[in-house]
Structures are given as structure tokens and as C-alpha cells.
Amino acid sequence: MNRAASKIRLLMLLRRQGITDVNVLRAVELVPRELFVPTPFRDQAYEDTALPIGHGQTISQPQVVGLMTQALAAGPNDKVLEIGTGSGYQAAILAKIARHVYTVERHRPLLQEAEARFAALRLPNVTARLADGRRGWPEAAPFERILVTAGCIGYPPPDLVEQLAPGGIMVIPLGPDHRALKVVRLRRPLVDGDGECGLQREELWPVRFVPLLPDLAPYPPQCGVG
């Protein structure tokens, strides 16, 4: 089966799996996933499976990318922060939907490869940098949308909560440990009551992700999520 037919088959599968947002499906159609997959795995680029990209990281299966992007509900005027650039595929999908994507990666070789792909695909609305994703991108904050593509234990990092704009949405894998992660959608009210940083929480579905690596000292539970 050629790549065009494989992509059509994948799009049909994603629709059956509940991905109905036309902007998300169009982005999946436009972004060539084979460019984000190591050469030995390119024949599997349009299968609904995660694939290794080196450094203990993976490119997420298309179903996960599509569902998380749909849950984020980004629009053409939104500024998006992505934590965990990886191959760059998720950022490229977001770039077809949002106004600008800021993406953070802690592995230099992965970041360099992703930036080369962004340049090759002429995605001027993606800005990437090497940094600790738990710290976000404070100079570019606030963000209307934040997407975290690594598992976080207990609480979302407080710096990311702080950088989420009023009315904004964060989609993040959360759980008591890395064996029990769920994709969670957090919404910041337009007006925070009594100066609190509480977010509205909605659990979506179980998921597996590599961990969001912590700093030397763990974050305290500074912000309630309920």
C-alpha cells in the first residue's frame, strides 16, 4: 500500500476512534508523519502505533496525537506551549491549527532534528528551545493552550499553571504514578476566585507516556485542581 492510501486508511481509523474535529483531521492529512519517523520505521509511519525516536523517547501513536489535539481545542488565534518536542510531529500538527507554537525539549539531538524538520516543512510559526519543560516558557507567557506530552505525577507543574492564560486549557497526562496515567483537561476560569489558582479538572482517558523528568527538588502541591 502506498503512502497516500495508508494516510487515507489512517484518517478513516481516526474518525472511527472519535476524532471528528475537521481542523485536527486536516492537520494530520497535511503533515507528513514519515518525515518524523527514523528511516528503519518509515514503512510504519501511517500505522496507529508509537515508534522509537531515540534517547528513550517515542513518537506518539496518531490516535493519541489526534485525541490530545482535539481535547486542547486550539484555534487560529491561540498561542500554544508544548512541553516535550520529541520528533516535532505534535508541534507540526499544532502549527497547522494555532497562531504560534512554542515547544520545549530537554534532549539536544532531538531538538536539533525537530528544528530541521520545521525548517524543511516551512513552519515559521513554531519556535523551539532546549530547556526544562517543567519551567515552561515564562518570557512568552501567557498561553491560551498548553499541551504536555509526558507523564506528570500528582500535580501539574506550578510554573505551567501560572503561565496558562485566563480561560485557557491545559491537556496533560497525570496520575498517582506512571502506571496509572490519565489524560486530564484543566481549564482556568476567566476570573480566579479569591486569588486562588484552582483549575477545573476533567479526566479523559488512560494513556501511557514517558515521564516528565523532575528537577532535583520535587514540586510542592501549590495549586489545587478540582
Inset, instruction - Let me know the volume per residue of the alpha-carbon convex hull for region 75-165, in Å³. - result: 84 Å³
Legend entry - Value of relative contact order over region 1-139, rounded to a whole percent, pairs C-alpha under 8 Å and six or more apart: 20 percent
Inset, instruction - Using per-residue counts of other Cβ atoms within 10 Å, averaged over each peptide, order 167-175, 129-137 from highest down. - result: 167-175, 129-137
Legend entry - Positive minus negative residues near ALA98 (Lys, Arg vs Asp, Glu; Cβ under 11 Å): +1
Legend entry - Gyration tensor verdict on region 110-205 (Cα atoms; rounded if a/c is under 1.5, prolate if a/b is larger than b/c, oblate otherwise): oblate
Inset, instruction - Could you sort 9-19, 180-190 so that the peptide with the highest average Cβ count within 10 Å comes first and the rest follow in order? - result: 180-190, 9-19
Inset, instruction - Quick one: go through region 25-62 and flag any residue whose amide nitrogen is under 17 Å from the point 7 Å out along the Cα-to-Cβ line of ARG16. - result: 46-49, 62
Inset, instruction - Compute the signed sum of charges (Lys and Arg +1, Asp and Glu -1) over the other residues within less than 13 Å, Cβ to Cβ, of ARG185. - result: +3
Inset, instruction - Extending each Cα 7 Å along its Cβ direction at ALA120 and ILE8, get the distance between those two points in nm, one decimal. - result: 2.6 nm
Legend entry - Alpha-carbon Debye profile of the chain, log10 I(q)/I(0) at 0.12 Å⁻¹: -0.60
Legend entry - Cut-off 20 Å (backbone N to label point 7 Å along Cα→Cβ of ARG187), residues of region 56-100: 67-81
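No value in this document is a laboratory result; all are computed from the given coordinates. Not measured: the values here are computed from a predicted model. Note: ideal-geometry Cβ built from the backbone for every residue, glycine included; neighbour counts use all protein chains shown.
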